[in-house]
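Please read the structure below before turning to the comments.
The values are calculated or read from the model by the stated rules, or taken from the named source; none is laboratory data. Small disclaimer: the values here were computed from a predicted structure and weren't measured. Cβ sites come from the backbone with ideal geometry, for glycine too, and all protein chains shown count toward neighbours.
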């Protein structure tokens, strides 16, 4: 009897620009339920970071409490991690980011962690446009405490206990759009082809990037009556289109039909291509995104894919004009500029 | 691709690489697990039923299983399967009460076995429990054939050989030792219902046309004959300087034996490059370890004699050149021929079949190379009551192949004597049984160790070279055997996929350490192989393809480097994956169970 992941990996595993294989981006073996959507999301994060050739020691993973918030243990085992208080991931992420702006920040949260106890924190981190990937692993229930309905559970949806949820759901994507988010996407844990390019784009975006990932809870919310089950989501999924993420300096190979694609160049020079299903959707227009989401909802469908993106936004550092270096790199001269500087400041306040 | 038909037992049989590669299809992972459980006798009996000579083969097998071992594709070296077999033989209890016995009342059929080597002994082992009266003929005083005459005692102690041959002979059969069969017609004229020919490939190749061959004859010996003479103690010394010609395992046995009979300067000289010698890598290592240089790329030119006495051999230096098809030719380098002085030469450059005792009008057809025309499945010759097996069937192979032939020939002989069609044989038996015991609990040890292959300890070199009967390899002790057994990946515990249970949650894909599992759109095999998470470049390994899933995709698993760790089944929420032990048994005339 054993529950260890063997040390061996495929001898022909591809390597990235750093010479690393996927193994270098793995974490500990998951202790979540077998078949949990969250594990697929962890695998997608591993794949995205591998493909982006991110150095694992330059990543900080921050989470709150819940099944979702356990998952940073299961990916990027060589990165920094902070498992914080319930719903308080945004505060810790903000603090860390302000102290060291050079790291890549991946915040993992759940529907309970973000849409209930952490709602206030969520709202403000969106407003401030903190440069991070904020990934919600949204299963519509509290899996860690026997599957009670969460705030994102659709009205009428019933999990394993069988009682339909009587309350209106919170849609984190529309909320984020209202609050000024600069990158908003929705995806499904069972669709890595869509999720991986979205994660890569979100990490490359300099600003706040929300991905709300529907992630079925196999134990409590994968019933025929639930709107967050594998089957229901697969039957009702719609996508804004196929997203392609093209890293800096890589030639664009795909051949798109004119008029239906929208191309967005990110700050770092990488390019996002959206091969759109709906010609009316404009990625730079919040109203268009909100309309598309609501239109789908009326049809009983779930709109996934990239919904909104503002590549030219200012992130929190730029808005408040912080120092350009991480705090740890500031020397004594920068930290204690001396009495002349103090005088200058005092003078400016007179 | 079409969904894989796992009801076809050959599919999972092929996944068990070691068993599939073994000519006798010994259930290797099963006996290795039994060794890990300290059930040595049970491990021995599984071997005994399948390969008849576990103690012999655990020391001398050509090990086709080891190059096939999946572990060798995952890390540097395969499991030491062969030496684990010896562990089962070394540590077993008395097995007498587990052996089949011949019934006291016979079935009235008589079968003659020509030659008492591994093929004939296997036929005897399979037919005796069925009540056949067996007459076994051999020109030597004892049974064993080339196992006795060609394999030196320092590799295979006589006691081991006697014990395992004894199990068969003790079932009761009429032995005609010191009896060279010189006429098939005479044999056929007796009242035998069938004749099995297991007379081996008895003729060693010579270099008759080389200058000096006649003059130096006294000091030039054919390798296999010389080894037989040593085994039967007709020869007990050799000159100080010995040249062994040839690059096969017989050459290795010759040179190592020469070292023990007084040879101080013993060399192996071979035509081909070192890497292409026919000898197994481990046998070359053993020879080099005993201070025997192997000189490559030297083609014999002449035996150099002075005053009617051999004083050396002259060689031409060559180098190997390959054409576009990879065909090799040995091209002279143009250097001066080299003289190697020596007192004796052992010629071990191959052996051939010879049937001088089978008359042309005996009713048997032979092909242009002098080999009997046989049905390769039934081993029946053109004379329906004569069957062949071992080296005499298709040319020189090895013990395990002879055993495999013997089992199948015994099935044919039994069918033939019963008046049935020898082509209508029972299918091999197989079973597939779930190993799930509970959460995180399997009835096999699914942890994959990173231990490297264990080395078999040897006796100290000086004492080894003083006594040709002292066994060089000491074998694994129980502790090392356990550690080595744990290296086995349990490839017989199969990953069985039930498509209608799958909810496509990707849990198996995410957990699989070897990236074997894929959920993708179906296409033809060559395209599919290129589209997997890691390209399936090993064409010898199959793809396991499911039926269509709900999303229209299929599950495709590349069997190549699967560790059989069971994590896919562990992480599957619906038990669409299960780990099931596959047991495959070759059809035999008299199975044990």
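Just one of the numbered conditions (1) over 36 Å from the mean Cα position of the chain (by Cα); (2) within 14 Å of chain A (Cβ to nearest Cβ); (3) part of a loop (DSSP other than H, G, I, E, B) is not true of residue B:535: (1).
Which residue out of B:416, B:315, B:388 is within 25 Å of the chain's Cα centre (by Cα) and crowded, with 18+ Cβ neighbours inside 10 Å?
On the way: B:416 fails: within 25 Å of the chain's Cα centre (by Cα); B:315 fails: within 25 Å of the chain's Cα centre (by Cα).
Exactly one residue qualifies, and that residue is B:388.
Is there a residue in region A:51-59 that is at pLDDT 95 or above and within 14 Å of chain B (Cβ to nearest Cβ)? Yes, region A:51-59 contains a residue that is at pLDDT 95 or above and within 14 Å of chain B (Cβ to nearest Cβ).
Cβ-Cβ distances below 7 Å connect the following pairs, each with a first residue in region A:3-18 that is more than 10 Å from residue B:534 (Cα to Cα), a second residue that is outside any loop (DSSP other than H, G, I, E, B), and a separation of six or more residues or different chains: A:3/B:570; A:5/B:567; A:8/B:74; A:9/A:23; A:16/A:50; A:16/A:51.
Scan region B:550-583 for residues that are within 17 Å of residue B:522 (Cα to Cα), over 32 Å from the mean Cα position of the chain (by Cα) and buried (at least 19 other Cβ atoms within 10 Å of the Cβ) and the total you get is 3. The requirement of being under 30 Å from residue B:20 (Cα atoms), outside the structural domain of residue B:197 (by TED's automatic domain parsing) and modelled with pLDDT under 95 is fulfilled nowhere in region B:294-315; no residue meets it. Inspect region A:203-214 for any residue being modelled with pLDDT under 95 and within 13 Å of chain B (Cβ to nearest Cβ) and give the result as yes or no. Among the residues of region A:203-214, not one is modelled with pLDDT under 95 and within 13 Å of chain B (Cβ to nearest Cβ), which makes the answer no.
On the basis of being crowded, with 17+ Cβ neighbours inside 10 Å, outside any helix (DSSP H, G or I) and not assigned by TED's automatic domain parsing to the domain that holds residue B:149, does residue B:448 make the cut?
On the way: crowded, with 17+ Cβ neighbours inside 10 Å: yes; outside any helix (DSSP H, G or I): yes; not assigned by TED's automatic domain parsing to the domain that holds residue B:149: yes.
Considered against the rule, which asks whether it is crowded, with 17+ Cβ neighbours inside 10 Å, outside any helix (DSSP H, G or I) and not assigned by TED's automatic domain parsing to the domain that holds residue B:149, residue B:448 comes out as yes.
If you go through region B:538-547 and keep only what is more than 14 Å from chain A (Cβ to nearest Cβ) and either in contact (Cβ under 8 Å) with a residue 12 or more places away in the chain or surrounded by 14 or more Cβ atoms within 10 Å (Cβ to Cβ) (or both), you end up with B:542, B:543, B:544, B:545, B:546, B:547. When region B:496-526 is filtered for residues that are away from every other protein chain (no Cβ under 14 Å) and surrounded by 17 or more Cβ atoms within 10 Å (Cβ to Cβ), the ones remaining, listed by number, are B:496, B:497, B:522.
If I filter region B:337-352 down to residues being surrounded by fewer than 17 Cβ atoms within 10 Å (Cβ to Cβ) and at pLDDT 95 or above, which single residue comes out as farthest from residue B:150 (Cα to Cα)? Spell out the reasoning first.
As a first pass, look at region B:337-352 and keep what is surrounded by fewer than 17 Cβ atoms within 10 Å (Cβ to Cβ): B:337-339, B:341, B:352.
Filter again for at pLDDT 95 or above, leaving B:337-339, B:341.
Values: B:337: 32, B:338: 31, B:339: 29, B:341: 27 Å.
The residue in question is B:337.
Scanning region B:240-260 for residues that are buried (at least 19 other Cβ atoms within 10 Å of the Cβ) and part of a loop (DSSP other than H, G, I, E, B) yields B:246, B:247, B:248. When each of A:76, A:18 is tested for being under 30 Å from residue B:452 (Cα atoms), surrounded by 17 or more Cβ atoms within 10 Å (Cβ to Cβ), more than 13 Å from every other protein chain (Cβ to nearest Cβ) and at pLDDT 95 or above, the lone residue that passes is A:76.
Give the residues of region A:234-250 that are within 11 Å of chain B (Cβ to nearest Cβ) and in contact (Cβ under 8 Å) with a residue 12 or more places away in the chain, sorted by residue number. Spell out the reasoning first.
At the first step, the residues of region A:234-250 found to be within 11 Å of chain B (Cβ to nearest Cβ) are A:234-235, A:237.
Of everything in region A:234-250, those that are within 11 Å of chain B (Cβ to nearest Cβ) and in contact (Cβ under 8 Å) with a residue 12 or more places away in the chain turn out to be A:234, A:237.
Report whether or not residue B:229 is assigned by TED's automatic domain parsing to the domain that holds residue B:283 and part of a helix (DSSP H, G or I). Judged against the criteria, residue B:229 is a match. Picking from residues in region B:278-312 that are part of a helix (DSSP H, G or I) and without any contact (Cβ under 8 Å) to a residue 40 or more places away in the chain, the one that is farthest from the chain's Cα centre (by Cα) is B:288.
Among the criteria (1) farther than 28 Å from residue B:231 by Cα; (2) in contact with a helix residue (DSSP H, G or I) (Cβ under 9 Å, 6 or more places away or on another chain), the one residue B:144 does not fulfil is (1).
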